[in-house]
Each structure stands twice: as C-alpha cells, then as structure tokens.
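See below for the structure under consideration.
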Amino acid sequence: MNDKEKKELLDVLKRSRLCRNLEEGEMESLIVKEGTVRSFSRGERVFQETDRPEAVYVLLDGSVIIAKETFSGKRILLTQLEMPGVLFGEVYVFMEKSSYDMYVEAAEKTRVLILDNQIFTEKGDVLSRKLRENLLEVFAEKAYNMNQKLRILGSGTLRERIVRFLVECQDSEGVIHMSLSREEMADYLNITRPSLSRELGKMQEEGILELSRRQILVKDQEKLEFYL
C-alpha cells in the first residue's frame, strides 16, 4: 500500500462512526496492523450465511447488498450500503452464534477493511475501549433504523407499505431520491417488482407522484399521507 492509498483510506476512516475520537496513528494501525484491506468484484460474497462470524467489516469504497435467502431460494434484501466508512457484521461481535443469518455481496467493485473481533474485546487496551464505545453508538443508530423498517413492513395494504417507505425517504422539498433500484426496493418491501411498479404507476395516474428513473416527486402530499 503506497502513501496515497493510505491517505485515501485514512480519510474514509475519519468519517466513520467507528473511528470517532481516534488519533490518526490509531486509525493507521487499523489499516496496516490490526486489519486487512480486501477487494471484491461485483457479485462476489464478502461472507456467506454459513460462515463463522469472526470479524467486523468497514466499507471503504463501492457498495454492498445485505440479504438472506428463504428455504425456497427467494432473496430478501435487508439493505444496501454505499456510504464509505459504514460498518456491517458488527452485531455479531458479542454474540455466540456459530454462523451468520444473512450474506453480504458486492454490488460493484468494492474494498472492505476487515477487523478481527478480538480487537473489540481486549481488556485494558485503550484502542479497544474507544472502539467499543463507538460501537455502542452504531448499535443504537441501527436499532432505530430497524425500527423504521418494522413500521414500514407492519403497514396494512400494499399501498400503505409503499407510502410509509416513501415518506421515510422524502426530503424537505418533497423529493424522494432513490438509492435502490426498483428490484431492490421491492425486495426491501418484501413484495414483487411487478406489484411495486403497478402500484407506483397507479399513484402517478392519480396525481400523487411523478416518477423518474432515480427520483420520485410528491405532487399531492395530502393524498400521499392519507395512506399513513
């Protein structure tokens, strides 16, 4: 790893919740001593559902899809991560599970920092203590986000589920910028893509939404919120 690459990775870690309040030397240690930087091609699994949870992963660049498969082979999309510095797999650090109950797949060419679980459990180590404290904040935020998803999936009708998801994603100008494709959005909502497209089309015909490829504009907020 050359100096330019190291600087790029340090810039990512400085923005990561895991590295809040860490000195630059401590972050450099995560890259060159404590952790392993690995690249993944599109479609390559970072880890499988059958793998033993032994590490925490930090997304450095690219994006990953977190999903699981049912017994019949249907894929259920849990989320897609695109922001450099975000963690995944961290909930297993303090759990005594023999394997994951999800898998992570690279959605494009992706680099990941892999940290062995042991770094979070070493007693008396200053770096370990800082990392544990930061993990608590990460856990709290992810618990909140999971609660949001449960509210969405707990909505009654198909339209109510879609509307609650759109409202959660809506900005102050009424625009919904979509980071997920239609297929990924359908997986997130646990519905079929044709059902999603058909319902969105109806909402556009009714003057509630205006659809474009990567964003949705709310045309009638009152009609949209009627389904909440």
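Calculate for the chain the 222 nm mean residue ellipticity that helices alone would give, adding -39,500 (n - 2.57) per DSSP H run of length 4 or more and normalising by residue count, nearest 500 deg cm²/dmol.
Values: 7 runs with 84 residues, N = 228.
Counting only the DSSP helices, I get -11500 deg cm²/dmol.
Tally up the carbon and sulfur contribution to the accessible surface of segment 10-139 as a whole percent, 1.4 Å probe, everything protein left in place. If you can, show how the numbers build up before the last one.
Working: 3160 of 6720 Å².
Carbon with sulfur: 47 percent of the solvent-accessible area.
In square angstrom, what is the accessible area per residue of segment 91-228 with a 1.4 angstrom probe?
Details: 7780 Å² over 138 residues.
Per residue, segment 91-228 has 56 Å² of solvent-accessible surface.
How large, in percent, is the carbon and sulfur part of the accessible surface of segment 152-191 at a probe radius of 1.4 Å?
On the way: 760 of 1740 Å².
Taking all protein chains in place, segment 152-191 shows 44 percent carbon and sulfur surface.
Could you give the length gained by full extension between Asn147 and Glu210, i.e. 0.36 nm per residue of separation minus their alpha carbon distance, to one decimal place?
Values: separation 63, 0.36 × 63 = 22.68 nm, distance 2.81 nm.
This chain segment gains 19.9 nm when fully extended.
Using Cα pairs under 8 angstrom and six or more residues apart, how large is the relative contact order of segment 109-211, in percent? List each step's numbers first, then the result.
Values: 41 pairs, mean separation 13.1, N = 103.
Here the relative contact order equals 13 percent.
For segment 175-222, count the residues as N, evaluate 2.2 N^0.38 Å, and divide the Cα radius of gyration by that value, please.
1.10
Taking 2.2 N^0.38 Å as the expected size of a compact globular protein, what ratio does the Cα radius of gyration of the chain give against it, to two decimals?
1.14
Grab the other residues whose beta carbon is less than 12 angstrom from that of Ser29, score K and R as +1, D and E as -1, and report the net.
Details: positive: Lys6, Lys33, Lys130; negative: Glu23, Glu24, Glu26, Glu28, Glu34, Asp125.
Net of charged neighbours comes to -3.
So how strong a dipole does segment 74-208 carry about its Cα centre when Lys and Arg Cβ are +1 and Asp and Glu Cβ are -1, to the nearest 20 debye?
Numbers: 19 positive and 22 negative charges, 66 e Å.
Value, rounded to 20: 320 debye.
Might you report the magnitude of the Cβ-based charge dipole of segment 69-151 about its Cα centre, with Lys and Arg at +1 and Asp and Glu at -1, to the nearest 20 debye?
Working: 12 positive and 13 negative charges, 41 e Å.
Dipole of segment 69-151, to the nearest 20 debye: 200 debye.
Given charges of +1 on the Cβ of Lys and Arg and -1 on the Cβ of Asp and Glu, with all other atoms neutral, how large is the dipole of the chain about its Cα centre, in debye to the nearest 20?
Numbers: 36 positive and 41 negative charges, 88 e Å.
Computed about the Cα centre, the dipole is about 420 debye.
Mind listing which GluC sites (Glu not before Pro) in segment 143-224 are in a DSSP loop and have 12 or fewer other Cβ atoms within 10 Å? Before the final figure, lay out each step's value.
Numbers: sites: Glu160, Glu168, Glu173, Glu183, Glu184, Glu199, Glu205, Glu206, Glu210, Glu222; in loops: Glu173, Glu206.
Passing sites in segment 143-224 are Glu173, Glu206.
What whole-number value in Å² describes the accessible area per residue of segment 1-60 for a 1.4 Å probe? Display every interim value, and only then the final one.
Working: 3580 Å² over 60 residues.
Using a 1.4 Å probe on heavy atoms only, each residue of segment 1-60 averages 60 Å².
Can you give the local net charge around Gly174? Use residues other than it whose beta-carbon is closer than 13 angstrom to its beta-carbon, Lys and Arg +1, Asp and Glu -1.
Details: positive: Lys219, Lys223; negative: Asp171, Glu173, Glu210, Asp220, Glu222, Glu225.
With Lys, Arg at +1 and Asp, Glu at -1, the neighbours total -4.
For the Cα atoms of the chain, what angle does the longest principal axis make with the long axis of helix 158-169, in degrees from 0 to 90, nearest 10?
50
Going by a ≥ b ≥ c, the root eigenvalues of the Cα gyration tensor, does segment 1-104 fall in the rounded group (a/c under 1.5), the prolate group (a/b larger than b/c) or the oblate group? Provide the component values of the computation, followed by the final result.
Working: a/c = 2.30, a/b = 1.79, b/c = 1.28.
Cα axes put segment 1-104 in the prolate bin.
Could you point to the residue in Leu196, Gln221, Met185 farthest towards the positive end of the chain's charge dipole, with +1 and -1 charges on the Cβ of Lys/Arg and Asp/Glu respectively?
Ranked along the dipole, the leading option is Leu196.
Determine the relative contact order of the chain: mean sequence separation of Cα pairs under 8 Å and six or more apart, normalised by residue count, in whole percent. Mind dumping the intermediate values first?
Numbers: 351 pairs, mean separation 44.6, N = 228.
Contact order relative to length: 20 percent.
Between the DSSP loop rule and a limit of at most 15 other Cβ atoms within 10 Å, which trypsin sites (Lys or Arg not before Pro) in segment 108-151 are left? Walk me through the intermediate numbers first.
Details: sites: Lys109, Arg111, Lys123, Arg129, Lys130, Arg132, Lys142, Lys149, Arg151; in loops: Lys109, Lys123.
Passing both the DSSP loop test and the Cβ count: Lys109, Lys123.
Positive end of the charge dipole of segment 1-157 (Lys, Arg +1 and Asp, Glu -1 on Cβ, about the Cα centre): tell me which of Ala55, Phe94, Gln148 has its Cα farthest that way.
The residue sitting most towards the positive pole is Gln148.
Among the trypsin sites (Lys or Arg not before Pro) in segment 19-98, which ones are in a DSSP loop with at most 16 other Cβ atoms within 10 Å of the Cβ? Mind listing them? Show your work: numbers first, answer last.
Numbers: sites: Arg20, Lys33, Arg38, Arg42, Arg45, Lys68, Lys74, Arg75, Lys97; in loops: Arg20, Arg42, Lys74, Lys97.
Hits after loop and neighbour filter: Arg20, Arg42, Lys74, Lys97.
For segment 72-203, just the Cα atoms, rotate onto the principal axes and tell me the three extents in Å, largest first.
59, 39, 31
The values are calculated or read from the model by the stated rules, or taken from the named source; none is laboratory data. Worth saying up front: this structure is predicted, and the values here are computed from it rather than measured. Every residue, glycine as well, gets a Cβ built from its backbone with ideal geometry; the counts of neighbours run over all protein chains shown. Surface accessibility is based on the protein's heavy atoms, side chains included, excluding ligands, DNA and RNA. Shrake-Rupley method; radii C 1.70, N 1.55, O 1.52, S 1.80 Å.
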